[in-house]
Amino acid sequence: MLLELLKNTNISSFLAGVFTRKDHHVLILALQIADTILQKLFDIFQNSFVKEGVFFAIDALLTPEKCSQLMFPVFSGIQLSNDPSQKSAARDVLRCLCYAFDTGQFPSASETGTCKLEKDSIHQLAKHIRTTYVSTESLDPEKGFTAILQKLKTLSAALSELVSMSMNNDASTQHEEEFYCILHQIMEQLNGRDTISTFEFIESGIVKSLMNYLSNGQYLREKAAELTGAFSHLYAREKRFEVFGRLYLSYSDPPLEDFPLSVLIQKLQNALSSVENLPVILSHTSKLRSSYATVPYGRCTTYQCLKVQFVRGEGETCLCDYSEDVITVDPFSSLEAIEGYLWPKVSTNKTEHIKSATRALGEMQCSPSQLPSDAGCPRDKSPDFMESNSMSTDLQEMPEDKPNLPHSAPEETANLVQTTGETTSLGKAHVDPTEEEQHASLDENAGIGREYHGPCNNEDASPKLLFYLEGQQLDRALTLYQAILQQQIKSEHEIIAGAKLWSQVYRVSYRRTVKSKQSCPEDCLNQTHDSSELDKVATYRQYTPFFSGMFVSELASDVEKSSPTYDILFLLKSLESMNRFRFHLMSREIIYSFAEGRIDNLDNLKVAVSAVLQNAFVSSKLTEKLEQQMRDPLSVSVGGMPSWCSQLMASCPFLFGFEARCKYFRLAAFGQLQVQSHPSSQNNSGGANGRWQSPGSLPRKKFLVCRNLILESAAQMMDLHARQKVVLEVEYNEEVGTGLGPTLEFYTLVSHEFQKSGLGMWREDQRLYTPKRSFQGEDSGVVMSPFGLFPCPWSSTVSTSNGIEFSEVIKKYVLLGQIVAKALQDGRVLDLPFSKSFYKFILGQELTVYDIHSFDPGLGRALLEFQALVERKRHLESVCGEISTFKLDSCFWNTRIEDLCLDFTLPGYPDYVLTFGPDSEMVNLTNLEEYVGLIVDATINAGISRQVEAFKSGFNQVFPIKHLQVFTEEELERLLCGEREFWTLNELLDHIKFDHGYTASSPPIINLLEIIQELDREQQRAFLQFVTGAPRLPPGGLASLNPKLTIVRKHCSRWADADLPSVMTCANYLKLPPYSSKERMKEKLLYAITEGQGSFHLS
């Protein structure tokens, strides 16, 4: 049984992964396990130990200089010498693992006790295993490697050599077929029958060779090298991705067993799980203690502060000395914020030598919000003082805002009414305004990974001070807490996570930055040169924006660039991006095939590309590490976690599951209050009903709304509360209902108002307007957008069109941004069908000509066909020189370009003139390229940039829009608009509660479930809005609806068949009469969801 267990768990692979760790306690256990297995089962496990690299790992422990630095590079930093003068890093740790299983009654024992591990025990055991079980031949790189490893190393070397040749010859396109051949052989090996271990996969060098190939030899090079010949490298890179995608995004002939890209991703995920060693740092405390932070803003905090003594750097003469007593510093404040506090106190004018004058100058420059250490609150706060700053707000006495709008006459309603739950059921909200301000400040001033890249000539934006701890310069992108942790990690000491972290005094020295007058202008000059070069070659068709800065970006400072982890992460990032940009890459490949004559029919430009599901890129190990880190009480902001969390979330968010990213998003954007309010929640949305916060997590604010003036009410609501961290609840004028149901319906009504025709906001509004017939049977007059809403282009020379003022359009986009952000903040579901491309704008991504097909397939296809003609013309001219246009007259569907009678106006918008001049009256083959570029610019750039910026400005009033960049377009739609899948019978039974007279087997319930399944999409939307107030379910579907959808028996005073269903939307509560038949129930239910909308009253 034990033998089967060892085989099934692949103990060899497990041990190889353990040997990549640095801790000596872990290594000695792994060696003991390996010794036992070899002693008992040598013949069975000998080959697997070779294949998985266990023997190589043990040999690397003894002779790190022989280590290949691929699979086991960390051993070079582990000292296993027999020299008694050298101490093992494990013996100097502050929390030794020898005490990991102590009962915890004496926590100081682990900190004061000495390590029980003998100094040379690892060396002796490793030497014993190598001498006893490992032959010299098996460790010989020429003879000891497996056959599959030798093949992979040969292919890796061949690929690297070909990359070098193409770089030296400056003719990368000539080697395209050779690249394809080598890549195909690599793919065959990965998909072959012989299994490839993680050790073989990494040791072969395939990962680094692939990155070198995709980057055109620029991987891990300095930025200066990146700028040299920027466009040529950019073009070559995209060609590399095209060749790579042609092979890995399509099924080969003969077909391989598995989808090629999926196999490669799985190999990388397995390797990442084995070799990554990112730390999880927990505070080991169950309760946070309040404290007072002098630096940077002089405020009370709900957590402990670091004790710091700022001292002037040795030899520094340009700054004043600030060697005061130890002061408390907010651990999650950025170094930029600390500089803002310290700079007025240490800066001095060189022409002044009087200390008193210098002090006075520093005090005058100090901001009122930057209180000195002896001002404001005392350093040690008593509990009484902390309580005096708090206040509680009773929701029953919640203030109500009444908009200054004319009152509408009450409308007549049917005998069916909607009721909401009691407002008192929400309970009381206890709010500490000081605490709320602290979290707001945390988010604004102590965010992690936030960098401000100002203009080169902006002196105020450049750093003024450099900070050092124990002689090491601190990274300005980190908080002080993270910088301390990072320094401990790099010094290979155990992380201080207990009380000593807060009791220790840190001496931080500061120096003035040495400004380099040449570096910044040169960078600016290079950027300008590159920009002008790219402009000349029409960037919209030549490259995808992703490729421009991919290989100069950093992943995470906690990951060494020389480690295999860095290579794996970068290759995963490249593959994930290739998977997302697959349409762009394959479209370009087909266009160039047409240009070169390999395809002679424009009908072949249709692109059908296989894709890998986004979940394939999720690392379960890293996701669990992030989840564990966010559960730590000290994670009151992203600044309270190791820097790799925020850095990998910024560079490789796809590595983490959707639920984990939702929690991180809430933590980064809104602070701890709303993240940990539902620790037991297990739904997919990261919180109950997709509404993350509990009723008591934020103050609530009522707002009175007029139904016939929805947008006007929404504008007044946002003017008052967009910048406030309050949960908004809606009450309609002359209606008694309030709470969750009316609020959700309000957001739904606002969503529908933004889709009405005549606003001048959306593309289909001015061209192909078709009244949409709603389920209620009336013309709702909304813009029909089968591919999603996308901004309507407005020319910069036009201020009014069809009676619509452009200034009003901008105001509506600002309001839309506010509404979307507030819905995300409060966890409300919107009913806005944005296009995928508009979500890209929200996420800060650039669009290209290849994106137009996603919201206007006809225009997008026509532009790509025109582009194919332009490329063919360019190719023929390069091959044959000047040619007559006769050969190209029949290229576009046997029609001359001139016969299309195209003028230089935007298709569908005759008032939008693309350009002026005598040469731009009609489109011909000569100016076709210019025509395509102008259309693309007007459609996705100049024509809509002001609208997009207005949306972002409104959004940023609520919270920074950049926090959304951890999601994909599809995930953001799910987050904002919820789910829209049909329900299965099992889902209905699993997630609906039957009570008060009904069970799952009651005949009326069986009839109801059958009726729900028979409803079409519009009827299901109407049913949801009737019961919950919103036509769509929150992220996670029925499972995340909170409270659960409950169906109870309605006791009727008269005949049941004559009564109608009623609901309590706040509780998702449906009162259903026991109808005599299924037909009667369906009739009454459809009547209820049709006529029962539009008012909230008590029943």
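The values are calculated or read from the model by the stated rules, or taken from the named source; none is laboratory data. Not measured: the values here are computed from a predicted model. Positions of Cβ are generated from backbone atoms using ideal geometry, with glycine treated the same way; all protein chains shown enter the neighbour counts. Note: accessible area is taken over every heavy atom of the protein model, side chains too, but ligands, DNA and RNA are not part of it. Shrake-Rupley method; radii C 1.70, N 1.55, O 1.52, S 1.80 Å.
Key figures
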quantity: Cβ charges +1 (Lys, Arg) and -1 (Asp, Glu), total dipole of region 617-670, debye; calculated: 40
quantity: Accessible area (Å², 1.4 Å probe, nearest 10) - GLU1079; calculated: 130
quantity: Coil-residue chymotrypsin sites (Phe, Trp or Tyr not before Pro) of region 1010-1061, DSSP, other Cβ within 10 Å capped at 12; calculated: TRP1055
quantity: Additional length obtainable on full extension of the chain from MET165 to GLN845, 0.36 nm per residue less Cα span; calculated: 241.3 nm
quantity: GLU624 paired with ASP1016, simple spin-label distance in nm, labels 7 Å along Cα-to-beta-carbon; calculated: 4.8
quantity: Distribution of pairwise C-alpha distances over region 978-1092, 5 Å bins, in %; calculated: 2, 12, 23, 29, 22, 9, 3, 1
quantity: Rounded accessible area of ARG1017 (nearest 10 Å², 1.4 Å probe); calculated: 110
quantity: Using a Förster distance of 41 Å, the FRET efficiency for MET784-ARG598 (Cβ separation, nearest 0.05); calculated: 0.55
quantity: Size-normalised alpha-carbon gyration radius of region 702-758, reference 2.2 N^0.38 Å; calculated: 1.10
quantity: For region 617-670, the Rg and Dmax computed from alpha carbons only, in angstrom; calculated: 9.9, 29
quantity: Candidates per trypsin sites (Lys or Arg not before Pro) in region 572-613, loop by DSSP, up to 13 other Cβ within 10 Å; calculated: ARG598, LYS606
quantity: Cα-based convex hull, region 793-913, per residue volume (Å³, whole number); calculated: 156
quantity: Förster-model FRET efficiency, 35 Å R0, TYR468 and GLN32, C-beta, rounded to 0.05; calculated: 0.25
quantity: Virtual spin-label span in nm between GLU898 and GLU808, 7 Å along Cα→Cβ; calculated: 4.5
quantity: Residue pairs, from the table LYS7/LYS621; LYS464/LYS561; LYS127/LYS621; LYS239/LYS573; LYS22/LYS127; LYS490/LYS840, whose Cα atoms sit over 26 Å apart; calculated: LYS464/LYS561; LYS127/LYS621; LYS490/LYS840
quantity: Restricting region 904-943 to GluC sites (Glu not before Pro) in coil, as DSSP defines it, with at most 14 other Cβ within 10 Å; calculated: GLU921
quantity: Where labels lie 7 Å past Cα in the beta-carbon direction, separation of PHE916 and SER1077 in nm; calculated: 7.3
quantity: Computed E for ASP475/SER290 - FRET, C-beta separation, R0 30 angstrom, nearest 0.05; calculated: 0.55
quantity: Listed residues LYS7, LYS1082, LYS725, LYS561 arranged by accessible area, highest first, probe 1.4 Å; calculated: LYS7, LYS561, LYS1082, LYS725
